[in-house]
Amino acid sequence: MKICSLLIPLVLAISSLGALEKTLPPDMQKIMDQSKYEHSIWGLYVKDLQTGEVLYDLNSNAMFSPASTSKLFSTAALLEVYGDDYRFKTPVYAIGPIKNGQLQGDLVLVAQGDLTMGGRQPNANTIAFTKMDHIIANEVPGVILTPENPLHAFNELAKQVSQKGIKEITGDVIIDDTLFESTEKRGMIVSPMMVNENLIDLVINPSEVGQTAKLSWRPQVPGYAVDNQVKTVAKEGKLSLEVSADETGKKIVVKGTIPIDEHDSVRTSNIVHPASFAREAFIQALQKEGVKVKSSQDNAAKTTPLRSYKDQQLVALWTSPPLSEYVKLILKVSHNLGANLVPLLLAAKTDKKTFDEGMLLMGAFIIKNLKLSQDSFVFIDGAGGNENRLTPQDEIILLDYMYKKSPSQFKNYFDALPILGVDGSLEDFAKNTKAVGKVRAKPGTGVALNLSTNRFFLITQALGGYIEGKNGHMLAYMVVVNNGSMPTIDDIFPIFEDVSLISSIIYDHSENKKL
């Protein structure tokens, strides 16, 4: 009897799962039944946020790899702690008296963890983005750079210093980057001092067949150099670009070939020591403003900053756009560096220093504010590493939580999401559906190379966000598929299209749901 009593709930659960699958619209089920998903696990959860009705439910309490939909949680935690209207204020202090235009001491820029540091600002309140961001330039083709000057903030700070009457600095120029501990995540440096998100952009264009290609790079500061070894080849030739650098990141080499019909191919090289790079950028800007600097020798790492600047003279201040704009950047383009900056900013808010301490604070937000079980999610970073896990139900709890914020707070979060068929990382998907402009969702993608077959493998493809239903109701949803077949890296795009089409099908059927 005991064995039977255990089996009955299991049989009922399996029967229930089958019933749920059968309730899915046929056009949706057809997508899921493709051969490439033969060994896949699908999850789907759709909830009407106005009535509380669950519209679709498939494996919603199972844990999936969410990939970059993790950013929905990290950005929500950031907004919760700092507030939508928070602005980073990066100060510059004069450490010593200013007499007859001469600063008799050091000039110190105190880094505040400003992700863009003015590098993407068309105006004081906006951060620019493109559908293919430079942080993925070395992995994905088609990157488009924003046109703004990456050194804009340093130039403006230098102007302010000059306007304070400082024309000479007898001491040193120092970058204080002690707000939190710098760390490396996904091969990128996350630090309190950011310059062009700690990347050097390399733009390669063809010249004449057989000749060295054209190459430009930014931002440029003294001490850095690029060796261009790229050759222009015929139209049918191969685009093959390889970037390397010495251990300092100062000597960059670009090798390979570019076809005559390829244009504006972007690659990046890491800024290995952001504080040192920023110091050179600031000195360069000061000198352009006519401020004499005693020495341009890079000794930023050898100088100990002050513990407190309370009694020091403020001579310049850079103020960022509101935090809601940073969240928009992170979500629109799936900005991994920005998302992994979040735990460190959370840590800094409570005078802590490390990434791990910040992750605990992010976990505390999820448990205390969202009331999620600590057994239902796993976050090893804020960006969406392949080790992360969560349930579709948990993602909808977060989306519902943000929906219930004040109208202005929800609008900021809602507007930060990519729009299906319109912008961000969803710009090119489901473009021929009626759901264009009606779905705002964060994609998540995880792939790996199966070394035993030399074929690619889909770890996960997910979408989580909001759908403006035909009945006027706001729907929250997550669709996710784990473990799929994709022999080549280009096969990810049809999979991306599949989850986008499922999103559009949810919209198509939303008029049939109860009002």
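The numbers here are math on the coordinates, done by the rules we state, and not lab data. Please read all numbers here as calculations on a predicted model, not as lab measurements. Counting neighbours? That spans all protein chains shown, and the Cβs are built from the backbone with ideal geometry, glycine included.
Under the criterion of Cα pairs below 8 Å and six or more residues apart, the relative contact order for the range 196-270 equals 38 percent.
Taking every DSSP helix (H) stretch of at least 4 residues in the chain, weighting each as -39,500 (n - 2.57) and dividing the sum by the residue count yields a mean residue ellipticity at 222 nm of -9000 deg cm²/dmol.
Helix 407-416 and the long axis of the chain differ in direction by around 80°, with both axes built from C-alpha atoms.
Packing-wise, with mean Cβ within 10 Å as the measure, how do 446-458, 204-216 rank, highest first?
204-216, 446-458
Max-minus-min Cα coordinates of the range 196-270 on each principal axis give 36, 19, 17 Å, with the largest extent listed first.
Relative to the longest principal axis of the C-alpha atoms of the chain, give the angle of the C-alpha long axis of helix 355-368, reported between 0 and 90° and rounded to the nearest 10°. For 355-368 against the chain, the angle is about 40 degrees. Net charge of the neighbourhood of MET63, taken over other residues with C-beta under 13 Å away and scored Lys/Arg +1, Asp/Glu -1, is -3. Using θ = phi - 60° in the Karplus curve 6.51 cos²θ - 1.76 cosθ + 1.60, the 3J(HN,Hα) couplings for the range 422-436 round to 10, 8, x, 6, 9, 4, 9, 10, 6, 5, 9, 10, 6, 7, 4 Hz; x is entered for Gly and Pro. Using the Karplus relation 6.51 cos²θ - 1.76 cosθ + 1.60 with θ = phi - 60°, the per-residue 3J(HN,Hα) values for the range 235-249 come to 3, 7, x, 9, 7, 9, 10, 10, 10, 9, 8, 6, 5, 7, x Hz, with x marking Gly and Pro. What angle, in degrees between 0 and 90 and rounded to the nearest 10, separates the Cα long axis of helix 323-332 from the longest principal axis of the Cα atoms of the chain? Helix 323-332 sits roughly 60 degrees off the main axis of the chain. Students often get this wrong: which residues of the range 376-392 have the backbone nitrogen under 18 Å from the point 7 angstrom along Cα-to-C-beta of PHE457? Flagged as within label range: 385-389. Taking every alpha-carbon pair under 8 Å whose residues sit at least 6 apart, the chain reaches a relative contact order of 21 percent.
Which option, (i) 146; (ii) 290; (iii) 175, is the value of volume of the Cα convex hull per residue in Å³ that was calculated from these coordinates? Computed from these coordinates, volume of the Cα convex hull per residue in Å³ corresponds to label (iii). Here the chain carries DSSP beta bridges of which approximately 80% are antiparallel, counting only pairs with both residues inside.
Around PRO192, what is the net charge, scoring Lys/Arg as +1 and Asp/Glu as -1 over all other residues with Cβ under 12 Å from its Cβ?
Value of the local net charge: -3.
Annotation: amide H of SER265 within the under-5 Å range of ILE204, sequence separation 5 or more or interchain, hydrogens built in the peptide plane. Entry note: the range 326-392 has Rg to Rh equal to 0.97, where both radii use alpha-carbon atoms and Rh is the Kirkwood radius. The length gained on full extension between GLN211 and GLN102, counted as 0.36 nm times the residue separation minus their Cα-Cα distance, comes to 34.2 nm.
Estimated from the Cβ-Cβ distance and a Förster radius of 35 angstrom, the FRET efficiency linking THR23 and ILE144 is about 0.25. Listing ASP423, ASP394 from fewest to most neighbouring C-beta atoms within 10 Å gives ASP423, ASP394.
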